[in-house]
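*Asks:* Could you have a look at this structure, given as structure tokens, before my questions?
The values are calculated or read from the model by the stated rules, or taken from the named source; none is laboratory data. Here the structure is a predicted model, which is why all the values come from computation and not from measurement. Positions of Cβ are backbone-derived with ideal geometry, glycine not excepted, and every protein chain shown enters the neighbour counts. The protein model used for the area step is the full one, side chains on, heavy atoms only, and it has no ligands, DNA or RNA in it. Shrake-Rupley method; radii C 1.70, N 1.55, O 1.52, S 1.80 Å.
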Amino acid sequence: MITIRFVCWEEAGCLAQHRGRLGLAPLPGEQVLRALVTGAPPGTADAFPSGEGLPKAWPGDPERAPGTLLLTGRRADFERLCVEVADRQTLVELREALQVALVRVGVAPPATRIGPRLFEWGSRTFLMGVVNVTPDSFSDGGRHASADTAVAAGERLAAEGADLIDIGGESTRPGADPVGAEQELERVLPVLERLSRLVEVPLSVDTTKARVAEAALSAGASLINDVSGFRFDPRMAETVARAGAAACVMHMQGVPRSMQAAPHYLDVLGEVMESLKASLDLAVRCGVHEERLLVDPGLGFGKQPGHNLFLLRHLGQLRALGRPILVGASRKSFIGKVTGRAVGERLPGSLAILAAAVLAGADVVRVHDVAESSVAARMIDAVRRADEGGLAYQTPA
Ligand code: HH2
């Protein structure tokens, strides 16, 4: 399967602005792009045309990186390539993948309805607040172990500005013991039922079990947050499809019990992308509406600190999947590794990661500290929107 990701791209808006400053009209197609192709079938590099007005192609080393190509050119060159190779059988898959990737590069996906709310991606950063109804979650374990405290926490997060509230009944921290569906339901359902009557914010349930998802969706949840990307329970995708619900598919290498033992990748971004694409394809095959799906690189799930930081830095490349990007970094151990801070002292590090993630392309950030994250997100959004007049910020009402 061919995967294409743009590893460098010029912001089309910035280019238009530079031209405007010189008094020149916008020039469509001038945007410079660099694409990394993996999984190309044999013969692709040989069949690739060369010449003026076409992207330049560098095939990867056939021994070390078979099926790879690096393409560089202007958008107009890539578009011309798609026309030029229209009748070449060997390049059909490449052309189709390129056409899709060209539409997606640097562009926010279309809006998604989650429960009663429409999320217009690119308009601002959205916050998913976390309520773990567990005794053993890595940062808030035991704090909301009773339904009363969990409901109160959910109400507080909604008041602080959460756009979604994610309720979890099973810890997925490294080394965590799995819990049965019965126990997970006992923890999650009472909170979900009460919270759905008290707040207007859409509720999400963090589970990998179809049975839990099914009951949660009937009890008022609008989104299933599956950290296994629909891999652990073969009934999960059809359960989400039947309910017409939204879902977030996350990447994880291995299983929580052992995932941090020896995470290993040759190309962490490419492998995360391919796995997320497989989760999206599975979901769509089972009847989930593509426009209801979000993707998440799964920071800390079978990843070394360096893998997490690299994924964050190049997050925008996941745009090639065409879905909104959710990132959960709040209080995680890689922040502790970099800053030397214990879990209760990771707020400054978490806010810095939030800023980095948003600037790199995150649409939703999953956080424990909603009040502080909401101020940080508003500030970063102002930076993102900054225009030369300096008027592109809005004072909150
Ligand atoms: N991280 C955790 C749990 N669920 N879901 C998504 N989509 N992305 C994440 O990064 C993610 C997640 C781990 O954090 P937490 O829920 O606070 O801890 P625990 O799993 O120990 O309950």
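*Asks:* Return a yes/no flag: does the range 237-244 have any residue that is within 22 Å of A329 (Cβ to Cβ) and within 16 Å of the ligand (Cβ to nearest atom). If you could, list the steps in order and put the result at the bottom.
*Replies:* The first filter runs over the range 237-244 and keeps only residues within 22 Å of A329 (Cβ to Cβ), leaving none.
No: zero hits.
*Asks:* Follow-up question, since we're still on this one. Across the range 104-127, what is the total count of residues that are among the aliphatic types (A, V, I, L, M) and either under 14 Å from the mean Cα position of the chain (by Cα) or modelled with pLDDT under 95 (or both)?
*Replies:* Taking the range 104-127 first, the residues among the aliphatic types (A, V, I, L, M) are 105, 107-108, 111, 114, 118, 127.
Retained after the next criterion (residues that are either under 14 Å from the mean Cα position of the chain (by Cα) or modelled with pLDDT under 95 (or both)): 105, 107-108, 127.
Total meeting the criteria: 4.
*Asks:* When residues of the range 298-326 are filtered for being of a type outside the set (D, E, K, R), crowded, with 21+ Cβ neighbours inside 10 Å and within 18 Å of S258 (Cα to Cα), how many remain?
*Replies:* 7
*Asks:* Among (1) in a loop (DSSP other than H, G, I, E, B); (2) closer than 30 Å to V383 by Cα, there is one condition A159 misses while meeting the rest; what is its number?
*Replies:* Failing condition for A159: (1).
*Asks:* Still on this model: Spot the failing condition for D148; the list is (1) in a helix (DSSP H, G or I); (2) closer than 24 Å to A245 by Cβ, and only one is missed.
*Replies:* For D148, the failing item is (2).
*Asks:* Any idea which residue in the range 280-317 is nearest to R34 (Cα to Cα), counting only those that are polar (S, T, N, Q) and more than 14 Å from the ligand (Cβ to nearest atom)? Working first, answer last.
*Replies:* The first filter runs over the range 280-317 and keeps only residues polar (S, T, N, Q), leaving 304, 308, 317.
After this cut, where a residue has to be more than 14 Å from the ligand (Cβ to nearest atom) as well, the list is 304, 317.
Details: Q304: 27, Q317: 11 Å.
So the residue we want is Q317.
*Asks:* Could you give me the residue pairs with C-beta distances under 9 Å whose first residue belongs to the range 329-350 and is within 20 Å of L315 (Cβ to Cβ) and of a type in the set (A, V, I, L, M, F, W, C), whose second residue is part of a loop (DSSP other than H, G, I, E, B) and within 13 Å of the ligand (Cβ to nearest atom) wherever it lies, and which are 6+ apart or on separate chains?
*Replies:* Going by the 9 Å Cβ cut-off, the qualifying pairs are A329/L299; A329/G300; F334/L299; F334/G300; F334/K303; I335/A329; I335/R346.
*Asks:* Kindly indicate whether any position in the range 12-29 is open to solvent by 20 Å² or more (accessible area, probe 1.4 Å) and modelled with pLDDT of 95 or more.
*Replies:* Quick first cut of the range 12-29, residues open to solvent by 20 Å² or more (accessible area, probe 1.4 Å) only: 12-28.
Going one step further and asking which of them are modelled with pLDDT of 95 or more, we end up with none.
No, there is no match, as no residue in the range 12-29 is open to solvent by 20 Å² or more (accessible area, probe 1.4 Å) and modelled with pLDDT of 95 or more.
*Asks:* Same structure again: Pick from R187, R124, R143, R173: which is more than 16 Å from the ligand (Cβ to nearest atom) and either farther than 30 Å from L36 by Cβ or touching a residue at least 60 places away in the same chain (Cβ under 8 Å) (or both)?
*Replies:* Working: R187 fails: more than 16 Å from the ligand (Cβ to nearest atom); R143 fails: more than 16 Å from the ligand (Cβ to nearest atom); R173 fails: more than 16 Å from the ligand (Cβ to nearest atom).
Every option except R124 fails the conditions.
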